[in-house]
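The block underneath contains the structure these notes are about, expressed in structure tokens.
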Amino acid sequence: MTKLIQTLIIGLEYGCVYSLIAMGMVLVYRTTGVLNIAHGGIGVLAGFIAWDLNTLRGWPYFPAIGAGILVAVAAGLLFERFIVRRLAAPALATVATLALFLLLQGLVFVVPWWGNTWGQVFNSPFANKQVAIPGADYSVSWDQLILFGNVLLFFAGLYFILRRTRVGLAMRAVSDDPTAARLMGIRQKLVAPVVWGLAFGLSGLTTMLLAPILLLDNTSLTAFTLKALTVTFVGGLISLPLTVLGAITLSMLEVSTQLYLPNVKGLSDAWPFLILIVVLVARFARGTKALEDTAVAPA
Amino acid sequence: MAYLGSRRLFVLLTAGALASAACGGSAAQRAALKVQSQNQAGTNAAAPGGGGYSGGDAGASAAPAEAGAATSDVAGSSPGAGASSSGSAASPAAGSNSAAKSSSAAAQPATRSAAGSSGGSGAQSSGAGAGKVLPGGSSGPTPGAPTPGGPPGAGSAVGGATDVGVTANSIKVGHIGIYSGPVGSFGDDLSYAGRAKLQEINDSGGINGRKLDVLVRDDAWDGTKGMNAARDLVEREHIFAFCCIMSVNTSDPLTPYADEHKIPHIGADGWGEPQYKGAWTFPVSASAVTEAHMLAKYQAEKQGAKRVAIIYINNPTGRAYVKAYEEVIKKFNGEVVFSQPATFDDPGTTTFIAQARTQNIDTISTYLDPGIFTRLVREAAAQNYKPKNAFSGAAGLYFQVTPNFTGPNGEGTIAATHWVTNDMDTPGYRAYKAVVEKYYPKIDHSTWTKGGFVGASIFGNALKSLGLEVTRQRLKDTVDTLSNFETGLGPNISFSPGHHRANKTIYLAQIQRSGDKFEFKYIAGPLVDEYAETN
Amino acid sequence: MSTVMERAPSELSPERAPAAPKRSPLNRRTILRTIGLTVLTAFVLTMPYDMNWAGSAFALDYGVIIGMVVLSVSVLGWIGEFTLAVVAQMGFGLVVVNLLQNAGMPFLIIIPVVILSSIPISILLGVFALRLRGVYFAIATLAFGYMAQKTFFQSYLGVQGGFGGTDSKAISRPAGFQGSESFYYLLMGSLLLMALICWAVNKSWIGTSLTALRESEAAFSVLGHSPGAYKMFTICLSGAIATVAGAYFGMLQGLVPSNYFQPALAVLYFGFAVAGGMGSVGGACVAGIAFGAIPKYFDSLSEGKLVGYDQFFIGVVALAVVLWAPGGFAYIGRRIWHRLEGSPPAAPEVSTFEIDVRDPLAAAAAAGAETPDGAEA
């Protein structure tokens, strides 16, 4: 029983992390056609700024993480304004995000007072607080509960924005048919900043939620980003619900393999590839033609 | 076709030109950096005698008086690591080498204190050849001290450029440390202790009139970067020898390379087993295998450990750790129930803890750095879980940052170390601290700071015992017959050809509460590994 | 080389040099080419010694190997794809070398076997390429690379700065090439051979067909060609180069940790390929050597003080290239060349600059390459 609950909770925890990252990437991809490789890197920057303010400069926790997320949003806006907009092709912008990712990941080692370090302890005020699960010798930490809550909130919020607001309508219009959207008077220049700011902010938020559970470091978010990227495949880089489903499936499979089949070495790491093959076969069986990028060129 | 071919080639050419232009621009930068590094060394040093780098003209001229004073101070307070140890180092040299060498070796203690007051002027002597250095060294000594190195005429015959990296007044030494990368924040301390000792040797007059020119490189705890640095030091900078590299990821691959090029590496970290296979590599700290043996024995005997889980950084050293732990725990009817590899980007600590709980584990042993270990402990706390015997780990945990990071969750953790623990107030440890903290006051004393210090001490003493005829082969032969070198930090060090496993001693320390802080406290040792291999 | 040069203008391939200069005097061009070629040959031959002031030739050896890897990424640009599996392919090359050396095989047999051994994995990836395009193909290669690193390489090589191979048996260099300088000549010779083969393939009917395939896959297959065969061929070529590069990397390092073969590194190499000019043979070689060797030289020039900064610097350079020279080094080189020759600046070549993987966007990519041009004018 305990083992099952463990599997479910840990699976959900990592599923939430993959979901948050994958949603951010899908959001950018479907509206701008850019694969945002820098997603993990932005989180690292935001996390270290928040840690800097909180630990080194004595800011209270919430203003510090707020500032970190704001920096991430601002970085998104600046990146869109000064770099993405200058590049005609989304593929070039994809490469620009790659460059940004390298730059940001390296930044941690460049800022001298960040201690030239792989990781830092960045506790939330809820550190060491748990909720015991009745009937099982197990507990969930407050930090984990906050992570679950945020994923739900964000998913609902994004769904609401896309379905019920004008900005969301514009975003969907642009992603479905940019030419038609332009003819309808929707301006990519207004949609793009919103998307980039939102995505970068989301990456910052992910770090803030993750850092108290793990550590604040400059590599694990990258590793998660790579895995999340394989998850986006499930939703064809378009569907948000399918992406979340893929994320939770992947992490459940990984965790249950590790806990129930610990002797099958390597299986848990093969899941992204195996899922990919299953999705591919499923699409093939449905007669879908070769999966091709349908995203569009911005104006 | 040809047009295109040459056009493409031209692209190559242009980029090549651009590249060399870019690098050319940095030639000045290189010089600037060199000066900066020397200045840095100078500012790090408590005494301005920090111009220990032979090229540091600026520092050297200011140094002599104070350097001399500082040195005699240290010599006075460190009988264990100082004069007496060089005496013991000299005896095997006397046995295996010629009489002339042994006489210069026997003269070392006197030369050393003498050089303290005169070494500065000796080093300053403008562009000194061997003939000039020698009088410098022999004119200063206290009356009655035997004159080292024979008459000045002989000096020009045996002194000078006796081998690669050796000139009349300097010996180029290569040192690679961990100054950046995943463990850079505390990795830099690992090499500061060895560097402090080398600098102290310089400040006290150098090696028979020669100064140690220490070239420092960074490997970021990455063997590919470490080997790039090592090859650069050997093939371009033409160093004489490596000294006290405390990064297992560089020391391991450096071992076959050092054998191939016949370059001595005195004072390797010894954590990885490959280092014991090298004829030219002389590890001073103990192997992770020895740590695992002693931890397993202690935990089985004293804590009743029966069901153990191990998480390890998946390199050969880590795997060797798991195997060694398993071998010994089995002798006590225990077992390693499961083990799991970890990496920095994906430590897998969450499921490790979950599995430990379901498998009813009583002891978790680790071969990790403080970062991943902290993550492990936090994960356990979040899951409201702690095994009966808490955690134990290889020397990678024995840093003050570990209890700082883990806080109360890490209480009870046992770590292995190869030397006396920081709370053991032995005279040798005090002497070590005096030297190291003189140059680097804020150092986090760990297993490898002590190892680096011992390595540098052996290196300095062996070099001194060679007299003026400093060659790689003679250095190797001397260290190969080192017997009972008194480190003052626990185990004494002896080498013999083909048997470089000099340190098989383990001390254990435990994270305990001390006021509102947590610190490692001595709990056991010295434990000598009876299961260790004999090479 | 010089014979190639003398056959100059008659063999200009039209799609490669649309703005073939006619106005500039031929003798000036000939002189420039002779000088350029001589200097270049001299430079390539003496490079390890020329750069000795900056660092060991080891840095250059490393750079040349990265040049091979980047070439392998760049070649896939011919079919409009990008791969994130090159690093995994390198790893397999290294493992094969280790196995063959343990079996006592000589170098001259090892390399052909390494090339052959690359084919099964290339075919596996090729199967994906038949069903997936663009980013989707890249993700598939990423998942493959991730699995390879985590399952196969970790158990075979050990992780995170660990050095192993089987029982810590280091991979050795072929006899006569033990030194960093001599090894450079072996590597440079191999890289030039690879570049020559790629260049020849690109010039041949295969290259023409690949261009046609990239322009319109539908038209291509309607005309009776098999897109699959061409894609498979290109992927095999790319895979062979990457695998050989991995074999050489093993020889360079001796002992290699499996964490070297992480997919994130493939993302980096893709960035290098773009900086070199996706699809360009020369650009890829230059970018690889530059991005591989220069940080290593900086490491030794700065006496190790810049080791922690290389990622940051590479990021800055890559961003600058994307912003100001989206066609990469190939484009910059071409512009400089035309300026020297006194001919009008080359029109951006869609085929070379098409880093975009989406067919409808080929034009947009070209437009992207034009942007800085316009800004300067």
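I need the phi-derived Karplus couplings for region B:443-453: 6.51 cos²θ - 1.76 cosθ + 1.60, θ = phi - 60°, integer Hz, Gly and Pro marked x.
Values per residue, Gly and Pro as x: 7, 8, 6, 10, 3, 8, 5, 5, x, x, 5 Hz.
With unit charges on the beta carbons (Lys and Arg positive, Asp and Glu negative) and the dipole taken about the Cα centre of region A:38-167, which residue among A:Pro125, A:Phe48, A:Leu102 sits farthest to the positive side?
The listed residue farthest towards the positive side: A:Leu102.
Normalised radius of gyration for region A:105-172, please: alpha carbon Rg relative to 2.2 N^0.38 Å, two decimal places.
So region A:105-172 has a normalised radius of gyration of 1.76.
Residue by residue, what Karplus-based ³J(HN,Hα) values in Hz, rounded to whole numbers, does region A:82-98 have, using 6.51, -1.76 and 1.60 with θ = phi - 60° and x for Gly and Pro?
After applying 6.51 cos²θ - 1.76 cosθ + 1.60, I find 9, 10, 4, 5, 6, 9, 6, 9, x, 5, 5, 5, 4, 5, 4, 5, 4 Hz.
Where does each of A:60-66, C:56-62, C:297-303 land if you order them by average Cβ count within 10 Å, highest first?
In descending order of packing, they fall as C:56-62, C:297-303, A:60-66.
What is the Cα convex hull volume of chain A when expressed per residue in Å³?
It comes to 148 Å³ per residue, whole-number rounded.
Would you check the accessible area of B:Lys521, probe 1.4 Å, heavy atoms only, in square angstrom rounded to 10?
60 Å²
Any idea what the alpha-carbon Rg over 2.2 N^0.38 Å comes to for region C:96-138?
In units of the globular-protein estimate, region C:96-138 measures up at 1.61.
Quickly estimate the mean residue ellipticity at 222 nm for chain A, helices only: each DSSP H run with n ≥ 4 gives -39500 (n - 2.57), and the total goes over all residues, rounded to 500.
One gets -23000 deg cm²/dmol as the mean residue ellipticity at 222 nm.
Sticking with the crude label model, points 7 Å out along Cα→Cβ, report the distance from B:His238 to A:Leu8 in nm, one decimal please.
A separation of 7.3 nm, rounded to one decimal place.
If ligands, DNA and RNA are left out, what is the accessible area of A:Lys3 with a 1.4 Å probe, given in Å² to the nearest 10?
Result for A:Lys3: roughly 60 Å² accessible.
Between A:Arg163 and B:Met424, what is the label-to-label distance in nm when each label sits 7 Å out along the Cα-to-Cβ direction?
Here the answer is 6.8 nm between the modelled labels.
Long-range amide H contacts for B:Ala220: which residues qualify at under 5 Å (H placed 1.01 Å from N, peptide plane, sequence gap of 5 or more or a different chain)?
So B:Ala220 has HN proximity to B:Tyr179, B:Ser180.
Over all residues in B:227-240, what is the mean tally of Cβ atoms on other chains that come within 10 Å of each residue's Cβ?
That works out to 6 on average.
Amide H to amide H under 5 Å from B:Ile207: which residues, 5+ apart in sequence or cross-chain, H placed 1.01 Å off N in plane?
B:Leu212
Using a 10 Å cut-off around each Cβ of peptide C:145-151, what is the average number of partner chain Cβ atoms that fall inside?
6
How much length, in nm to one decimal, is gained on full extension between C:Asn27 and C:Leu130, taken as 0.36 nm per residue of separation minus their Cα-Cα distance?
32.2 nm
At a probe size of 1.4 Å, how large is the accessible area of C:Arg334, to the nearest 10 Å²?
Counting only protein heavy atoms, the figure is 10 Å².
Binned at 5 Å from 0, what are the whole-percent values of the Cα-Cα distance distribution for region A:1-160, short to long?
Using 5 Å bins, I get a P(r) of 2, 8, 13, 17, 18, 16, 13, 8, 4, 2, 1, 0 for region A:1-160.
Students often check this: by mean Cβ neighbours within 10 Å, which of C:172-178, B:178-184 ranks highest, and how do the rest follow?
Those peptides, ordered most packed to least, come out B:178-184, C:172-178.
Please find the FRET efficiency linking B:Asp163 to B:Lys388, where r is the Cβ-Cβ separation and R0 is fixed at 56 Å, and quote it to the nearest 0.05.
0.45
The values are calculated or read from the model by the stated rules, or taken from the named source; none is laboratory data. In this text the structure is predicted, and so the values were computed from the model without any measurement. As a convention, Cβ positions derive from the backbone with ideal geometry for all residues, glycine included, and neighbour counts pool all protein chains shown. Accessible surface is based on the protein model in full, side chains and every heavy atom, while ligands, DNA and RNA are left aside. Shrake-Rupley method; radii C 1.70, N 1.55, O 1.52, S 1.80 Å.
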